[in-house]
1. Being surrounded by fewer than 18 Cβ atoms within 10 Å (Cβ to Cβ) and away from the ligand (no atom under 16 Å from the Cβ) is the filter here, so list the residues in region 122-166 that pass it.
2. Which residue out of Ala186, Ala221, Ala209, Ala229 is closer than 30 Å to Met258 by Cα, within 21 Å of the chain's Cα centre (by Cα) and free of Cβ contacts under 8 Å to residues at least 12 places away in the same chain?
3. Tell me which of these Pro204 doesn't satisfy, since it passes every other one: (1) touching a residue at least 24 places away in the same chain (Cβ under 8 Å); (2) out of contact with any strand residue (DSSP E or B) (no Cβ under 8 Å at 6 or more places or on another chain).
4. Here is a check on your reading of the model: is Val219 β-branched (Val, Ile, Thr), touching a Lys or Arg at 6+ places or on another chain (Cβ under 6 Å) and either surrounded by 20 or more Cβ atoms within 10 Å (Cβ to Cβ) or in a strand (DSSP E or B) (or both)?
5. Out of the residues in region 89-121 that are of a type in the set (Gly, Ala, Ser) and not in a loop (DSSP other than H, G, I, E, B), state the one that is nearest to Arg34 (Cα to Cα).
6. Which residues, counting only those in region 262-287, are among the acidic types (Asp, Glu) and assigned to a helix (DSSP H, G or I)?
7. Would you mind telling me which numbered condition in (1) outside any helix (DSSP H, G or I); (2) surrounded by fewer than 19 Cβ atoms within 10 Å (Cβ to Cβ) Met258 fails?
8. Among the residues of region 174-188, which ones are small (Gly, Ala, Ser) and more than 16 Å from the ligand (Cβ to nearest atom)?
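Taken together, the values in this text are just the output of simple stated rules run on the coordinates, not laboratory data. This structure is a prediction, so every number in the text was calculated from the model and none was measured. Here the Cβ positions follow ideal geometry from the backbone for every residue, glycine too, while neighbour counts run over all protein chains shown.
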Amino acid sequence: MRRYTVDAMVAALSSSEHRRLLAVSLRARERVVRAVFRSGSGHVGAALSQCDALVALYERHLRLDPARLDDPARDRFVLSKGHGGLGLAAVLVERGILTQGQLDSFGESASPIGMHMDHRKVAGIEAATGSLGHGLGIAVGMALGARVQRWSSRVYCLLSDGECYEGSTWEAALCASASKLRSLCAIVDRNRLTMDGWTEREVPLEPLADKWKSFGWRVLACDGHDFAALDECFARAKDDGPAVIIAETVKGKGVSFMENKPEWHYGAIDSAKLDEALASLRAQHDAETRALDARERGAS
Ligand SMILES: Cc1ncc(C[n+]2csc(CCOP(=O)(O)OP(=O)(O)O)c2C)c(N)n1
């Protein structure tokens, strides 16, 4: 069984590392929009919203070896919002777990890379998800199992805010705190949109942090597109748990015509829209890099 060095993975986010994450994230988003163009449709808004949290997790904190994905001591990640599968697949390509060739088959009838992915068919997927509200329960079971087996694994689970309407999410949350699952970290992709519209206009979820607290969880919150803040939250989540990171995100993030638009939860892109989307992603990336330059000049 492999031993992972935790500390080496969580050294403070350097300037060059921050820029690397921005570049990984840009490439992952480009892979998503290209796949949606090629296949004819996909959950593009949902994939773009979760992208930075997944990049921060997979590139910095999740301890796994792409060459030994069956290592029992690996950390585990469960994508509870299974419709974000395409977005996860793009991050797995960046991490060297899937290939671009596999991602290119997204949406084809015989492809394992479907709208919702299955752990029996796709390397690096820990659980088949898609029916919302079940991922946290699966993650709780994994964390309990790791404790019984004395594996040092941590378990991460990304939920949509829409899943905070599900009773099963809160049953799992209760079980996690009652079982003192220190190794468990949930991330809520708090983009404030479901398929139907804005959460706070339909059935308000706020104060969401207080709800998690009252269920016995440690609550951390951050801008879900700020790598420095995400990195700090993932590092702090390891101190004690169960911990939840409420990541404030923008649905469709990076493609300006998709941002905060419920209609881009799932959609199709023609070649003109693809060009527009790619230009928008590049422009946002360049603006973020310039903002980082300016912050660093200000600090020196
Ligand atoms: C149990 C269940 N009910 C309904 C759906 C259909 N569905 C797919 S995505 C979605 C909601 C999307 O909003 P949210 O959960 O907040 O995810 P986001 O894409 O905004 O991150 C729904 C209702 C489902 N997959 N599972």
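1. Answer for region 122-166, where residues must be surrounded by fewer than 18 Cβ atoms within 10 Å (Cβ to Cβ) and away from the ligand (no atom under 16 Å from the Cβ): Ala123, Gly141, Leu144, Gly145, Arg147, Val148, Gln149, Arg150, Ser152.
2. Numbers: Ala186 fails: free of Cβ contacts under 8 Å to residues at least 12 places away in the same chain; Ala221 fails: free of Cβ contacts under 8 Å to residues at least 12 places away in the same chain; Ala209 fails: free of Cβ contacts under 8 Å to residues at least 12 places away in the same chain.
Of Ala186, Ala221, Ala209, Ala229, the one residue that is closer than 30 Å to Met258 by Cα, within 21 Å of the chain's Cα centre (by Cα) and free of Cβ contacts under 8 Å to residues at least 12 places away in the same chain is Ala229.
3. Exception for Pro204: condition (1).
4. Values: β-branched (Val, Ile, Thr): yes; touching a Lys or Arg at 6+ places or on another chain (Cβ under 6 Å): yes; either surrounded by 20 or more Cβ atoms within 10 Å (Cβ to Cβ) or in a strand (DSSP E or B) (or both): yes.
Considered against the rule, which asks whether it is β-branched (Val, Ile, Thr), touching a Lys or Arg at 6+ places or on another chain (Cβ under 6 Å) and either surrounded by 20 or more Cβ atoms within 10 Å (Cβ to Cβ) or in a strand (DSSP E or B) (or both), Val219 comes out as yes.
5. To start, the set of residues in region 89-121 that are of a type in the set (Gly, Ala, Ser) comprises 89-90, 96, 101, 105, 107, 109-111, 114.
Those still in the list that are not in a loop (DSSP other than H, G, I, E, B) too: 89-90, 101.
Values: Ala89: 13, Ala90: 10, Gly101: 13 Å.
Among those that are of a type in the set (Gly, Ala, Ser) and not in a loop (DSSP other than H, G, I, E, B), it is Ala90.
6. Here is the first cut: in region 262-287, the residues among the acidic types (Asp, Glu) are 263, 270, 275-276, 286.
Residues satisfying the conditions are Glu263, Asp275, Glu276, Asp286.
7. (2)
8. The initial filter retains those residues of region 174-188 that are small (Gly, Ala, Ser), namely 176-179, 183, 186.
Of everything in region 174-188, those that are small (Gly, Ala, Ser) and more than 16 Å from the ligand (Cβ to nearest atom) turn out to be Ala176, Ser177, Ala178, Ser179, Ser183.
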